[in-house]
Amino acid sequence: MKIVALVKQTFDSEAKIALEGGKIGRQGISLIMNPYDEYAVEEALKLKEKNGGEVTVVTVGPDEATEAVRQALAMGADQGILVNPGTEDIDESTVATILAKAVSSLEYDIILGGFRAIDDGSAQVAGRVAEILNLPVVNMVTKLEADGGKAVATADIEGGSAVMEVPLPAVITAQKGLNEPRYPSMKGIMQAKKKPLKKMGLGDVSLDASQVAAKVKVLNYSLPPARAAGKVIPGEPAEAAAALAKALREEAKII
Amino acid sequence: MNFKLTEEQELLRKTVRDFAENEIGPKAAEMDEKEDYDWSLWDKMADMGLTGIVFPEKYGGAEMDYVSYALAVEELARVDASSSVVIAAHTSLCSWPIYAFGNEEQKQRFLVPLAEGKKLGALGLTEPSAGSDAGAVKLSAVADGNDYILNGTKTFITNGGKGDIYVVVVSTDKAKKHRGTAAFVVEKGTPGFTFGKKEHKLGIRASYTYELVFENCRVPKENMLASDGDGFKVAMATLDGGRISIAAQAVGIAQGAYEQALAYSKIREQFGRPISANQGIQWMLADMHTRVEAARLLTLHSAYLRDAGEPHTKESAMAKLYAAECSMWVTVKAVQIFGGYGYSREYPVERMMRDAKITEIYEGTSEVQRIVISNSILR
């Protein structure tokens, strides 16, 4: 089985985000593989362990995003591809166009990715890749079985779940709960550096800057308001409860 | 000169940090409280290959360098000192002497299952009147045909009781003192080899510390590492490497306590502002951070020297001495910054302070490290 996993390098989920000159500051921020993509990589490895075959990890990002690819290789993926768009001025269409182009040069039976990235949270990229490659897509999958020519996926839907069947090749996006990603093993870390990792530019995937120009422009970023300090209401239980109810009604305006 | 970690070392550090925070962290306080280790963690560490980091792949290891090993031990200790010593004693004190002094047959028989984490290892060196003075061991081994008969006891043996494979330093000829010593590999379950009392300790309480008792314990000659007379040599070489891992452990404990104190100082408010706004606290934090960094550099430098095949007896002693004293100092300050909460078991810094103390004691006290260092600079 030829398996492709799409990954993105994101800020650490525990990173403290600060704005610098209207942009998200990168100083002192540690980078990780998008956790939803980690589920996708884990599922890819499980499919490989069950059906045989190989796992190719593809990412679009700056050169430092090789760290996320190396992590996937250390977990057990076979080869990696990084396409550096050469600009930070990108949007979901940019990334999806490049990913689809890079993937189209590979053989694939199934393409896995996180259903969204924890940084911009747009949940667009995998779906766009499916559209460009003219493949069916099942989103927010929590259980997957794939062999032969089809996949059966359990997906989150509003208020419940649905079991769906799609012919392969298809794009499947991972939701939390799909699996428990493994830690890279020490041997895996050592083997990762010997595995092929292709670093490419736009030209290497036969694209030029005009074909991937961002269509959406971010005008500005703003941080959520800082959480105000809590308030302690002193006094006897009955009085305090009355004061609390009053504050909830008049100050917080939630009852 | 290059202080930058390689991509593999960075990935190892991140992986072990994630593992320690997610898998070990939630259990550390309870394991300390119960004075018992959750051995399911050992199985997970074995799966990841943390049980044989520095050994060649053909012996079941990951074939990484000592810098990587020191980073892994540090990251474990940052969250739980007990977990770090389980790995450090297993790797440096048991697996390593078998790797360095064992013959091929011994490596296949003992090192492979150790490195793969199928077996847990320990070193039996310390006795009531021997330890750093390895030439003074009294546990006797008397040749009898193709076997040796062992009699005597070993005390304070880390990973004792639970361990499957023990490297035991014995005396084969008391008259020859340290030249009359040997090192044997003894497996748990060997008739005549039993465990005495379990030690109840100030710190690293989750790690097992037992007395080993040998009563007419028959061990075949093929279990001897190197040759008769080499026990002291095996012990000294083992301690050189062991010091690096204890230095790394000390750095990890200190780093963990420093981070806890730093975070707490920013949220604890007194007189209407966080205590980190007070210069007294700021200077404490600056000193803590500086000392931890200095200890880490000494530690990684001694690991680097070992990787480069350079002499490092003095450097690993300096790293262990400084890192251990740093660890004690930093953890005491961390408790101070936490104030009453630091003294409470609700927060981890009191455990870290208790855990730090052992790094000034085991695998050679700070005083012994000073002897090693001064011998090296005065000779």
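The values are calculated or read from the model by the stated rules, or taken from the named source; none is laboratory data. Source: prediction; values computed, not measured. Ideal geometry is used to build each Cβ from the backbone, glycine not excepted, and the neighbour counts take in all protein chains shown. Please note that ligands, DNA and RNA were not included when accessible areas were found on the heavy atoms of the full protein model with its side chains. Shrake-Rupley method; radii C 1.70, N 1.55, O 1.52, S 1.80 Å.
Right, residue A:69: more than 14 Å from chain B (Cβ to nearest Cβ) and either open to solvent by 10 Å² or more (accessible area, probe 1.4 Å) or at pLDDT 95 or above (or both) or not?
So residue A:69 fails the test.
What number of residues within region B:1-52 satisfy the criterion of being within 10 Å of another protein chain (Cβ to nearest Cβ), among the β-branched types (Val, Ile, Thr) and part of a helix (DSSP H, G or I)?
Looking only at that region, the number is 2.
Just to be sure before I move on: is residue A:206 within 14 Å of another protein chain (Cβ to nearest Cβ) and either open to solvent by 70 Å² or more (accessible area, probe 1.4 Å) or touching a residue at least 60 places away in the same chain (Cβ under 8 Å) (or both) in the structure I sent?
Judged against the criteria, residue A:206 is not a match.
Kindly check whether there is at least one residue in region B:291-307 that is surrounded by fewer than 14 Cβ atoms within 10 Å (Cβ to Cβ) and either assigned to a strand (DSSP E or B) or in contact with an Asp or Glu (Cβ under 6 Å, 6 or more places away or on another chain) (or both).
No: zero hits.
This table checks each residue for (1) under 30 Å from residue B:44 (Cα atoms); (2) in contact (Cβ under 8 Å) with a residue 24 or more places away in the chain; (3) not aliphatic (A, V, I, L, M).
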{"site": "A:135", "(1), (2), (3)": "no, yes, no"}
{"site": "A:146", "(1), (2), (3)": "yes, yes, no"}
{"site": "A:156", "(1), (2), (3)": "no, no, yes"}
{"site": "A:184", "(1), (2), (3)": "yes, yes, yes"}
{"site": "A:192", "(1), (2), (3)": "yes, yes, no"}
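Taking the options B:231, B:272, B:256, name whichever one is crowded, with 16+ Cβ neighbours inside 10 Å, over 23 Å from residue B:300 (Cβ atoms) and not polar (S, T, N, Q).
Among B:231, B:272, B:256, only B:231 is crowded, with 16+ Cβ neighbours inside 10 Å, over 23 Å from residue B:300 (Cβ atoms) and not polar (S, T, N, Q).
State which residue is nearest to the other protein chains (Cβ to nearest Cβ) when the search covers only region A:143-194 and only residues that are open to solvent by 70 Å² or more (accessible area, probe 1.4 Å), under 20 Å from the mean Cα position of the chain (by Cα) and over 27 Å from residue B:50 (Cβ atoms).
Per the stated criteria, the residue is A:143.
When the residues of region B:212-233 are filtered to those that are of a type in the set (A, V, I, L, M, F, W, C) and part of a strand (DSSP E or B), which remaining residue is nearest to the chain's Cα centre (by Cα)?
B:212
Check whether at least one residue in region B:64-75 is away from chain A (no Cβ under 14 Å) and open to solvent by 10 Å² or more (accessible area, probe 1.4 Å), and report yes or no.
Within region B:64-75 (the criterion being away from chain A (no Cβ under 14 Å) and open to solvent by 10 Å² or more (accessible area, probe 1.4 Å)), the answer is no, since none of the residues qualifies.
Could you say which residue among A:45, A:82 is over 20 Å from residue A:199 (Cβ atoms) and touching a Gly at 6+ places or on another chain (Cβ under 9 Å)?
A:45
If you go through region B:168-208 one residue at a time, how many are open to solvent by 10 Å² or more (accessible area, probe 1.4 Å), outside any loop (DSSP other than H, G, I, E, B) and either in contact with a Gly (Cβ under 8 Å, 6 or more places away or on another chain) or of a type in the set (A, V, I, L, M, F, W, C) (or both)?
So the count comes out to 9.
So how many residues does region B:144-167 have that are in contact (Cβ under 8 Å) with a residue 60 or more places away in the chain and open to solvent by 40 Å² or more (accessible area, probe 1.4 Å)?
Residues meeting the conditions: 6.
Open to solvent by 30 Å² or more (accessible area, probe 1.4 Å) and in a helix (DSSP H, G or I), is that true of residue B:350?
No, not satisfied.
Does region B:15-28 contain at least one residue that is touching a residue at least 60 places away in the same chain (Cβ under 8 Å), in contact with a helix residue (DSSP H, G or I) (Cβ under 8 Å, 6 or more places away or on another chain) and within 21 Å of residue B:345 (Cβ to Cβ)?
So far as region B:15-28 goes, yes, one or more of its residues are touching a residue at least 60 places away in the same chain (Cβ under 8 Å), in contact with a helix residue (DSSP H, G or I) (Cβ under 8 Å, 6 or more places away or on another chain) and within 21 Å of residue B:345 (Cβ to Cβ).
Tell me which residues, restricted to region B:353-371, are open to solvent by 40 Å² or more (accessible area, probe 1.4 Å), over 17 Å from residue B:80 (Cα atoms) and charged (D, E, K, R).
Scanning region B:353-371 gives B:367, B:370.
So is residue A:211 polar (S, T, N, Q), within 14 Å of chain B (Cβ to nearest Cβ), more than 24 Å from residue A:118 (Cβ to Cβ) and surrounded by 10 or more Cβ atoms within 10 Å (Cβ to Cβ) or not?
Answer is no for this residue.
Among the candidates B:137, B:85, single out the residue that is open to solvent by less than 20 Å² (accessible area, probe 1.4 Å) and within 18 Å of the chain's Cα centre (by Cα).
Going through B:137, B:85 in turn, just one is open to solvent by less than 20 Å² (accessible area, probe 1.4 Å) and within 18 Å of the chain's Cα centre (by Cα): B:85.
For region B:114-134, give me the residue count where each residue is under 24 Å from residue B:363 (Cβ atoms), in contact (Cβ under 8 Å) with a residue 24 or more places away in the chain and open to solvent by 20 Å² or more (accessible area, probe 1.4 Å).
The number of residues fulfilling the criteria is 5.
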